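Asks: Let me begin by handing over the structure; questions about it come next.
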Amino acid sequence: MTGTLPATFVKGFHNEELVHRMEYRKLGGTNLRVSKIALGGATLSALFDKKFDEEEGIRTVQEAIKSGINYIDTAPFYGQGQSEQVLGKALMDVPREAYYIATKVGRYELEPDRMFDFTAAKTRESVKKSLGLLGLDYVDVLQVHDVDAAPSLDLVLKETIPVLEEFVKAGKARFIGITGYDVDVLKECAERAKGRVNIVLSYARYTLLDNTLLRHMKAFRELNVGVICAAAHALGLLTNAGPQAWHPGSPELQQVGRQAAEICKQRGVELGKLAMYYSTQLEGAATFLIGIPNRRLLQVNLDAVLNGLNSAEQEVLQYLRENVFKQSYSWGSTLSTVRDFK
């Protein structure tokens, strides 16, 4: 619903016209009304781009919030604390009531044998560190990062989530979420933690390449769990620039992405904009999370959400759906992405 100002609106800080144009939706059973597009923190670090411009990232965050984006997602894994640190700097000049922010626990280092730790002790240590880096007294959401990579859901349910519940009780967080690539594991975890998990974040499972998230949207709705749909660009695959060398997709999948990008370039269209627009048509998701490292890409994504596609872009999207994206692809699991980002 557009036109109604959200609780995060701050007169004199926001661009009121853009906030009025943004659509805000309730995030499951929480009391958060979140913007249709959300800001992903992975690209606010050198995790995917060693040439990441921190000052530009800071300005992008501030402009995104002023433009009506009120939900930010980050994690310790993103640049091994760099994303949280950059956000901490950016948010110093932003009223705390102007945004909701989520961070994560469970995934940390680049080295595969040190990447994941879902124990209670590490979880407790991680949340305290995140609050310090962000410069905040509390976050709105604490999430278990990539539950599908945990040794077992029993560990998540018996050690990780209870610690997050401690922080909620202490007023250091408001809601609890889980994230992952395997939607079956997300559903199982949400069911087993019924009433304890408020939000699920699924990445790259409702894109031009893959509609697997549809399988469990009804179940998430019945559980009163808010759904965040992330990574419309399938980790960079669905952009004119294409993915980086570490992308987990098969050679066949990557060729499909290259073919689509080539068609878009020939027709003067940005594949990333088409991908973002397509993903945001999913009914039932509250917000669509995307990594935005600079103000140019912020405008591209805001344009896709606020203005939709022009007739030429609609024509290319239809052509791609009929001739290129003819089946659903996936790359297996979160663990298939476990490698050094170099």
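Asks: Taking the Cα centre of the chain as origin, sum charge times position over the Cβ atoms of Lys and Arg (+1) and Asp and Glu (-1), and report the length of that vector in debye to the nearest 20. Mind showing how you got there, number by number?
Replies: Numbers: 41 positive and 41 negative charges, 93 e Å.
Result for the chain is approximately 440 debye, rounded to the nearest 20.
Asks: Return the Cα extents of the range 266-337 along principal axes one, two and three, sorted largest first, each rounded to a whole Å.
Replies: Its Cα atoms span 37, 31, 28 Å along the three principal axes.
Asks: Counting only residues 5 or more places away or on other chains, whose amide H sits under 5 Å from the amide H of Ala173 once H atoms are built in the peptide plane?
Replies: Val139, Val168
Asks: OK, next. Within a 10 angstrom radius of the beta carbon, how do Trp331, Trp246 rank from fewest other beta carbons to most?
Replies: Least crowded to most crowded, the residues run Trp246, Trp331.
Asks: Now, a different point. Looking at the range 32-113, which trypsin sites (Lys or Arg not before Pro) are in a loop (DSSP not H, G, I, E or B) and have at most 16 other Cβ atoms within 10 Å?
Replies: Numbers: sites: Arg33, Lys36, Lys50, Lys51, Arg59, Lys66, Lys89, Arg96, Lys104, Arg107; in loops: Lys36, Lys50, Lys51.
Answer in residue order: Lys50, Lys51.
Asks: Taking θ as phi - 60°, what are the ³J(HN,Hα) couplings along the range 6-22 by the Karplus curve (6.51, -1.76, 1.60), each to the nearest whole Hz, with x for Gly and Pro?
Replies: So the J values, rounded to whole Hz, are x, 4, 7, 5, 10, 4, x, 9, 7, 7, 4, 4, 5, 5, 4, 7, 6.
Asks: Can you compute the modelled spin-label distance between Lys158 and Arg59, with each label point 7 Å from Cα toward Cβ, in nm?
Replies: 5.2
Asks: Would you calculate the volume per residue, in Å³, of the smallest convex hull containing every Cα atom of the range 178-329? Please list the in-between numbers first.
Replies: Numbers: hull volume 17.6 nm³, N = 152.
Output value, Cα hull per residue: 116 Å³.
Asks: Based on a Kirkwood Rh over C-alpha pairs, give the Stokes-Einstein translational diffusion coefficient of the chain at 25 °C and viscosity 0.890 mPa s in µm²/s. Show your work: numbers first, answer last.
Replies: Numbers: Rh = 20.0 Å.
Estimated diffusion coefficient is 123 µm²/s.
Asks: Calculate, in nm to one decimal, what Asn31 and Ala7 gain on full extension: separation in residues at 0.36 nm each, minus their alpha carbon distance.
Replies: Details: separation 24, 0.36 × 24 = 8.64 nm, distance 1.00 nm.
Net length gain for the segment: 7.6 nm.
Asks: Would you mind computing, in nm to one decimal, how far apart the modelled labels at Gln281 and Tyr138 are, each placed 7 Å from Cα along Cα→Cβ?
Replies: 4.0
Asks: Using only Cα atoms, locate the centre of the range 23-85 and the centre of the range 250-269, then give the distance between them in Å, rounded to an integer.
Replies: Each part's Cα centre sits 27 Å from the other's.
Asks: Ranking request for peptides 317-323, 207-213: highest mean number of other beta-carbon atoms within 10 Å first, then the rest in descending order.
Replies: On the way: 317-323: 14.6, 207-213: 21.3.
Packing order, densest peptide first, comes out as 207-213, 317-323.
Asks: Would you work out which of Ala312, Val127, Pro112 lies farthest towards the positive end of the dipole of the chain, given +1 charges on the beta-carbon of Lys and Arg and -1 on that of Asp and Glu, about the Cα centre?
Replies: About the Cα centre, the residue reaching furthest to the positive side is Val127.
Asks: Another question, if that's okay. Give the Cα extents of the range 25-123 along the principal axes, in whole Å, largest first.
Replies: Sorted largest first, the three principal extents are 40, 37, 21 Å.
Asks: Further question on the same structure: How many times 2.2 N^0.38 Å is the alpha carbon radius of gyration of the range 139-201? Mind showing how you got there, number by number?
Replies: On the way: Rg = 10.7 Å, N = 63, 2.2 N^0.38 = 10.6 Å.
After normalising by residue count via 2.2 N^0.38 Å, the value is 1.01.
Asks: Return the long-range amide H neighbours of Ala38 (sequence gap of 5 or more, or a different chain), with a cut-off of under 5 Å between placed amide H atoms.
Replies: Long-range HN contacts for Ala38: Phe288, Leu289, Ile290.
Asks: What does DSSP give for the chain in terms of the percent of beta bridges that are antiparallel, rounded to the nearest 5?
Replies: Numbers: 4 of 34 bridges.
Counting only bridges with both partners in the chain, antiparallel ones make up about 10 percent.
Asks: Sticking with this one: Treat the count of other C-beta atoms within 10 Å as a stand-in for reagent exposure and order Tyr181, Tyr329 from fewest to most. The partial results should precede the final answer.
Replies: Numbers: Tyr181 26, Tyr329 19.
So the ranking, lowest neighbour count to highest, is Tyr329, Tyr181.
Asks: Based only on Cα atoms, what Rg/Rh ratio does the range 69-173 have, Rh being taken as Kirkwood's radius?
Replies: Details: Rg = 13.4 Å, Rh = 13.9 Å.
Using Cα coordinates only, the ratio equals 0.96.
Asks: Once R0 is set to 25 Å, what does the formula 1/(1 + (r/R0)^6) return for the Cβ-Cβ distance between Ala241 and Leu214, expressed as a FRET efficiency to the nearest 0.05? Mind dumping the intermediate values first?
Replies: Working: r = 28 Å, r/R0 = 1.11.
For Ala241 and Leu214, the calculated efficiency is 0.35.
Asks: Something else now. With r as the distance between the Cβ atoms of Ser333 and Arg267 and R0 = 41 Å, compute the FRET efficiency 1/(1 + (r/R0)^6) and round to 0.05.
Replies: Values: r = 34 Å, r/R0 = 0.84.
Working from the Cβ atoms, E equals 0.75.
Asks: Rounding to the nearest 20 debye, state how big the charge dipole of the range 258-306 is about its Cα centre with +1 on each Lys and Arg Cβ and -1 on each Asp and Glu Cβ.
Replies: On the way: 6 positive and 4 negative charges, 49 e Å.
Charge dipole of the range 258-306: 240 debye, to the nearest 20.
Asks: Could you please rank Met217, Met22, Met92, Met276, placing first whichever residue has the fewest other Cβ atoms within 10 Å of its Cβ? Please list the in-between numbers first.
Replies: Working: Met217 19, Met22 22, Met92 10, Met276 26.
So the residues, fewest neighbours to most, are Met92, Met217, Met22, Met276.
We did not get these values from a lab; they are worked out from the coordinates using the rules stated. Everything quoted here is computed from the prediction, not taken from an experiment. Note that we place each Cβ from the backbone using ideal geometry, even for glycine, and neighbour counts take in every protein chain shown.
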